[in-house]
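Presented below is the structure to which this report refers.
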Amino acid sequence: MRWIWIDRILELEKGRRCVALKNVTLAEDVLHDHFPATAHRPATPVMPNTLIIEGFAQTAGILVGHANDFKEKVILAKIGKAVFTAPCRPGHTLRFTAGIERLDASGASTSGIVERLDPGQPALPAVPLAKIEMMFSHIDRNMSGLDFPDFNFVFTSQFMDLLKQSGFAVPASEVRPAPNLGP
Amino acid sequence: MAMSQDEVFAKVKDVLVDALGVDEDEVTLSAKLSADLGAESIDYLDIVFRLEKAFNIKIQQGELMPESVLNDPKYVQDGKVTDAGMAELKNRIPFADLTAFEASRKVTDFSNIFTVDTIVKFVQKKLG
């Protein structure tokens, strides 16, 4: 298995923009360690910023992969900037909005924002939470000499299922059985 | 009106400060992108994208960093660039000074040819 840090894709405009949601819940173990109670402070569960970056990377990564019909193995290569201005607590929803700045055969440059929504107070406006810039590499084109598996291990069936469940079409070439990884 | 070298350098400096997270005073004309400013392979793609935006130019893949030459067995043998490879490099990146590289020809030394001055000359050539 792997962590999927987005729950639903709201918008997917080919080569331009992807918007995704992530509900943050106390059922996630990581929040209990970030941060547990101490002798001087009650438990303070907040979503780790590193995992917010991961959620953005998955949103932007799907956008970059979708631009080439998931033919490329798209790997996060560089976080140029990640500036956080507010915390996210259990019961909040994160909204990731990623855009492609530049895409070529080698990879892509993306940027976007993360906002915090409060389902308990839906009338409140979204709170800006982070601004992120990141780059992705198409690794088959940048790591000559290294062999990678033929199957696209980046965009697993879990990501394809997420796309389908969100109401987006999955390229026919990506509908496939699970890869045989051997004994 | 064409941009002066100082104007190009000022913009290149901004690009490198943003792309590499270095201080402005580290970005001197003689600074090497990899050895002095810590650039890794993905940073070259980042720099290309940022140069395109800053100068409103289009840079083709391999135009700044000719990876295809360095990955081609026709031009590289035993980790060193052949005579044919050197000729191809001179043809592909005429803005770069290959004098020091000529001595070692080791692919692992190639990134040393990229100084801030190389980038400035590359942009000046692109701007015409």
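What follows draws every value from the coordinates through simple rules; no lab data is involved. Just so you know, these numbers come straight off a predicted model, no measurement behind them. Methodologically, a virtual Cβ is constructed for each residue, glycine included, from the backbone with ideal geometry; neighbour enumeration extends over all protein chains shown.
Put the Cα centre of the stretch A:23-66 next to the Cα centre of the stretch B:38-106 and the gap is 41 Å. Label sites at A:THR38 and B:ASN71, each approximated as a point 7 angstrom past Cα along Cα to Cβ, lie 4.9 nm apart. Normalised by the number of residues in chain A, the average gap of Cα pairs under 8 Å and 6 or more apart makes the relative contact order 23 percent. In this structure, the amide hydrogen of B:LYS32, modeled 1.01 Å from its nitrogen in the peptide plane, lies closer than 5 angstrom to those of B:LEU37, counting only residues at least 5 positions away or on a different chain.
Counts of other chain beta carbons within 10 angstrom of each beta carbon in peptide A:105-111 average 4. Per-residue ellipticity at 222 nm computed for chain A from its helices equals -5500 deg cm²/dmol, with DSSP H segments shorter than 4 residues left out and the rest contributing -39,500 (n - 2.57).
The peptide list A:91-104, A:17-30, B:74-87, put in order of mean Cβ contacts within 10 Å with the highest first, becomes A:91-104, A:17-30, B:74-87. Output the pairs from B:LYS13/B:LYS125; A:LYS131/B:LYS126; A:LYS14/A:LYS81; A:LYS14/A:LYS73; A:LYS164/B:LYS58 with a Cα-Cα distance over 27 Å in this structure; if there are none, say none. The answer is A:LYS131/B:LYS126; A:LYS164/B:LYS58.
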